[in-house]
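The structure appears below as structure tokens.
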Amino acid sequence: MMFFKKITLFIFFFNLAFIIFSQNNDEDDFDLLFETDVEDVYLEQTKTSENVVSVSAPPSIFNFSGNLDAVLSGGIFYQDKIHPAGYLEFSNDLILTVRPNSFLNINGCLNVSLEKSFNLSLSYFYFDYLMFNRIYVSAGKKDQIMGGYTRIITENSITDTSGNINLDLKIPWSTGTFFAFMSWNINGLNMNNVYSEMKNFTERMTYAIEFEQTIHKTSLNLFAKYYSQAEKINGIRKSPVLGIEAKRTIVGIDSYLQCIVEVKNYKRLFYKDGYGRFSGIVGFYRLWDQMEHDVGLNVEYQVVWNQYSDREFEHIIALQAGINHLGKNKNSKIVFEGKHNFVCFGGTSKIALLTSGIIPYADWVNAIEIEYQRSIKFIPKIMTGISIDLNY
């Protein structure tokens, strides 16, 4: 009974927050506080004679683009004594889009990255097809995400199909969307005996559905996922998950809720042992962009019940805040990010000053980060470096 009392209490406090909180959706503008700014580049167009007839070439069905993310930094951290530290991360996506007509897209991405080791991988390769000017069909290797209203804390249990071959179907209408997909797990596939593996095709299939609807300015999202026999954790097959999300904007503040439950036994839904794990997240964010400086604030609170963990309940709060257009040239911003676990009394806090325009397509980043836990001392880190984010 204590389990259901705590879950009911969580839902009660969310409903209270839902009434108090959230106007226009400022989500995209809010995210800009935490992204790198790049200088605008303008090309002067040459004037042509009025007597010259300009003939433009037909657009190509092939489109090549890319994205470069790189971080190079150095600094110190203190643990009993001062230690030097350095960090290098590099990731480059080479993207190909083929659009032979208005109904078909073929998308591919090759990723080259360097973190702890050099990696070369095919991030995604799939096609999108529009049927009857209404139904979207997509198939291939790509990430498949269920849900998505939360912004800081994410649940990996519903976003773990990046290595699979996916087939999905999307049917939108004026106020909602129906989404269904099948995912074929190719991890561990024995390519030396493809015929035998194909006979067990259904054992490698994961199924999911998602239904999103807007009712009276409130967005509701219901989703469910049923895992294949090949999807396992510590040798045990993953249990099905059910999820619900809600989001509403009131007086300028966006508030949202996400509840995800792992179902172990459908016959024991009214008992504690019928479930393996529960996660509930409530949050809100607000962007003040009518002032001289843009200010954003995002707060999330999560309660987790997990019968597999030594700590049955966990309570976590996460915060993200930023202020933009600082300094003489209005090209700096301050960002704060923090997460705290009340049960183990541990977490991280980070504050950073980012300045753009000093180096083209890069931010100069100065940051202080602190890791802490009840059983260990504080570990402060001071870092400075550059962060590059370039689309081409």
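Remarks
- Segment 279-287 - phi-based ³J(HN,Hα) in whole Hz, Karplus 6.51/-1.76/1.60, Gly and Pro as x: 10, x, 10, 10, x, 8, 9, 8, 10
- When each of 142/225; 247/267; 170/264; 142/264; 225/272; 141/225 is checked by Cα-Cα distance, pairs over 22 Å: 247/267; 170/264; 142/264
- Proximal charge balance of residue 170 [Cβ under 14 Å; K/R count +1, D/E count -1]: -2
- Between the C-alpha center of segment 167-183 and that of segment 263-332 there is a gap of 26 Å.
- Given a 1.4 Å probe and the protein chains as shown, residue 122 ends up with an accessible area of around 80 Å².
- Of all lysines in the structure, the ones whose alpha carbon falls short of 29 Å from that of residue 377, not counting any fewer than 8 places away in one chain, are 81, 116, 339, 350.
- nm² value of the averaged projected area, convex hull over the Cα atoms of segment 287-370: 7.4
- Phi-based couplings in Hz for segment 108-117 (Karplus 6.51, -1.76, 1.60; Gly and Pro marked x): x, 8, 9, 10, 10, 9, 9, 10, 7, 8
- Segment 256-341: trypsin sites (Lys or Arg not before Pro) in DSSP loop, at most 16 other beta carbons within 10 Å: 264, 311, 328, 330
- Theoretical gain in end-to-end length, residue 77 to residue 136 [0.36 nm per residue, Cα-Cα removed]: 16.2 nm
- In this view, the solvent-accessible surface of residue 378, computed with a 1.4 Å probe and all protein chains in place, comes to about 130 Å².
- Rounded FRET efficiency, nearest 0.05, which uses the C-beta distance separating residue 329 from residue 237 and R0 of 56 Å: 0.50
- Sulfur and carbon atoms: percent of accessible area, segment 247-392 [1.4 Å]: 61
- Rounded to 0.05, the FRET efficiency of the residue 143 and residue 292 pair, given R0 = 35 Å and the Cβ-Cβ distance, is 0.35.
- Translational diffusion coefficient (Stokes-Einstein; Kirkwood radius from C-alpha pairs) of segment 224-380 at 20 °C, 1.002 mPa s, in µm²/s: 113
- Kirkwood hydrodynamic radius computed over segment 212-260 comes to 12.9 Å, based on all pairs of distinct alpha carbons.
The values are calculated or read from the model by the stated rules, or taken from the named source; none is laboratory data. Since the model is a prediction, treat every value here as computed from it, not as a measurement. Virtual Cβ from ideal backbone geometry, glycine too; neighbours counted across all protein chains shown. Ligands, DNA and RNA are excluded from the accessible area calculation, which covers all protein heavy atoms including side chains. Shrake-Rupley method; radii C 1.70, N 1.55, O 1.52, S 1.80 Å.
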